[in-house]
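A.B. asks: Encoded as structure tokens, here's the structure I'll be asking about.
What follows draws every value from the coordinates through simple rules; no lab data is involved. Keep in mind that what you see is a predicted model, and the values were worked out from it rather than measured. Positions of Cβ are generated from backbone atoms using ideal geometry, with glycine treated the same way; all protein chains shown enter the neighbour counts.
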Amino acid sequence: MKTTTAEMKCSMNNQAIEDGYLLLGDWMLKNQVKSPFDANCGRSISMYDAKTGYIYLSQGWMTGLMCAALCALHKRTGRQEYLDAAIRAGNYVVSLQVMDPREKRYHGLFRELTPQSIECAPRDATSAAWGLVWLYNATKNPMYLERAQLFAEWHMDYAMCEGWPRYALYMLDNLDDFYAQGSFQSGTGLFYYDLFLATGDARYIERGLRPLAVNYRDRFFNEDGSLILEREAFTGRVVEMAPEAKMHQYNDDFGAAMLQVAADLFKDESFRERALQYAQWLARNQDADGNFGGGTTPSGVPTALMYFHDLGQYYQDEELLNARERTLKALLDLQYAGEEDSRLNGGVRGAYEVMGNPPPIPGAPAKHVNLRCSVYALMALLKLESNLEEIWLGRHNGQWKDPLHRGAFQEHLQKMGYLNWDEARK
């Protein structure tokens with residue numbers, strides 16, 4: 001570890017951070033479909049352009065991550081309306097799951113967008129299932145955990161290929177599935193870790209987190225810390241992506257968070273060192289105003305903020321902690337405040353991310369909001385302001401410890417007159 005005297009606490013006023021995440025939570029509440037008589041109940045705005053009036057409702061994966069973020073916000077504030085909104089979101093996710101056991105190849109997956117969708121992107125579906133794990137943690141309703149486990153069974157048997165998720169599949173025989181390996185799929189490992197914490201089923205580490213962490217560490221980084229964005233399945237050949245598809249060089253969808261969890265669980269610092277290299281690359285390639293790519297990748301701002309915070313504190317790295325300050329300012333600047341339009345006010349600016357959407361009005365200044373950026377921003381702001389444990393803030397604040405060395409079992413041994421398990425075995 002470095003031994004600098006870098007300031008550990010964020011210099012930004014905590015009130016500004018709290019105001020930001022409360023405004024975000026209220027934006028999500030106001031724009032969620034709430035009527036149980038509407039098939040979209042639980043979804044929210046995924047993208048909205050105030051200039052054109054274009055609205056796109058949230059996909060399964062964004063609805064799932066919004067569910068997780070609202071659970072975190074409920075734990076932080078105690079406000080019941082956030083949990084109610086999370087339950088609505090989770091119930092929409094549940095409606096996307098294929099439940100017919102005769103469909104062995106698809107039984108348990110989550111459809112991409114609506115209950116009629118014929119496509120499933122395993123990384124996206126993982127985020128949908130992930131939200132259900134956190135909804136179970138918040139409500140203790142076993143149905144949500146059972147649905148997440150059903151998905152995990154499908155994912156381990158049908159979606160993992162050579163230790164990495166498949167790219168996309170289609171529930172029609174005349175459409176071929178995709179097998180490409182994208183760096184953004186690395187965050188899948190966090191779902192498996194959280195599911196392990198909720199169930200104690202070690203297969204989720206053996207068949208989920210470990211192969212993903214090893215593959216990501218060893219196969220998706222360049223020497224300078226930047227990401228290899230895509231490889232061919234089976235051959236491993238690096239694929240050169242089009243410039244417009246390079247958003248994930250700045251937003252890795254929680255791969256670096258997954259590496260930190262792997263470092264803690266496996267007691268192997270090589271995983272965290274990879275995350276550090278990536279965070280340092282982000283800091284070196286950050287715009288002066290705290291954005292990335294000239295402002296073209298706003299979703300990279302909140303994820304980078306999490307990494308600068310976590311890794312900057314762990315290594316006491318002044319460069320990362322300074323980058324954290326720039327990034328926090330950039331994130332708060334991306335949030336709409338004081339807008340009369342309730343579809344904008346409180347949300348965070350983002351980019352169009354759906355093929356076939358209408359082009360913006362020529363010459364008009366961009367004025368649109370994006371749920372991916374908004375959910376990530378909520379998570380990042382909670383992380384900076386809160387020290388709550390057992391809450392998803394990019395990764396767990398606490399570290400897993402084998403029950404053999406803690407809790408009720410340890411108390412039982414002590415009552416029997418033993419100091420620890422090793423003494424009891426003698």
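A.B. asks: So which aspartates and glutamates can K367 reach, going by Cα to Cα under 17 Å and dropping same-chain residues fewer than 8 places off?
C.D. replies: List returned: D49, D333, E339, E340, D341, E353.
A.B. asks: Let me ask something else. Using the Karplus curve 6.51 cos²θ - 1.76 cosθ + 1.60 with θ = phi - 60°, work out ³J(HN,Hα) for each residue of the stretch 252-264 in order, rounded to whole Hz, and write x for Gly and Pro.
C.D. replies: Couplings: 8, 6, 6, x, 5, 5, 4, 5, 5, 4, 4, 4, 5 Hz.
A.B. asks: For a 29 Å ceiling on Cα separation, which of these pairs sit above it: K51/K246; K51/K75; K329/K401; K30/K246?
C.D. replies: With Cα atoms farther than 29 Å apart: K51/K75; K329/K401; K30/K246.
A.B. asks: Here's another thing I want to ask about it. Once both labels are modelled 7 Å past Cα along the beta-carbon direction, what's the Q80-D157 spacing in nm?
C.D. replies: Spacing of the two 7 Å Cα→Cβ label points: 4.1 nm.
A.B. asks: Taking amide H positions as placed 1.01 Å from N in the peptide plane, with prolines and chain starts having none, which residues 5 or more places from E230, or on another chain, fall under 5 Å of its amide H?
C.D. replies: S183, V239
A.B. asks: Here is a follow-up. Which stretch or stretches of the stretch 365-382 have amide N atoms under 20 Å from the point lying 7 Å from E18's Cα along the Cα→Cβ direction?
C.D. replies: Only 377-382 fall inside the zone, counting backbone N under 20 Å.
A.B. asks: By count of other Cβ within 10 Å, fewest leading, how are V238, V133, V214 ordered?
C.D. replies: Values: V238 14, V133 31, V214 17.
Result, fewest neighbours first: V238, V214, V133.
A.B. asks: Going by how many other beta carbons lie within 10 Å of each one, how would you line up R274, R123, fewest first? Please report the intermediate quantities before stating the final value.
C.D. replies: Working: R274 23, R123 20.
Ranking R274, R123 by Cβ neighbours within 10 Å, fewest first, gives R123, R274.
A.B. asks: Further question: Return the sequence-ordered ³J(HN,Hα) values of the stretch 150-161 in whole Hz as given by the Karplus equation 6.51 cos²θ - 1.76 cosθ + 1.60 applied to θ = phi - 60°, using x for Gly and Pro.
C.D. replies: 4, 5, 4, 4, 4, 5, 5, 8, 10, 9, 7, 9
A.B. asks: Additional query: Arranged by the count of other C-beta atoms within 10 angstrom, fewest first, what order do D253, D402 take?
C.D. replies: With the fewest neighbours first, D253, D402 line up as D402, D253.
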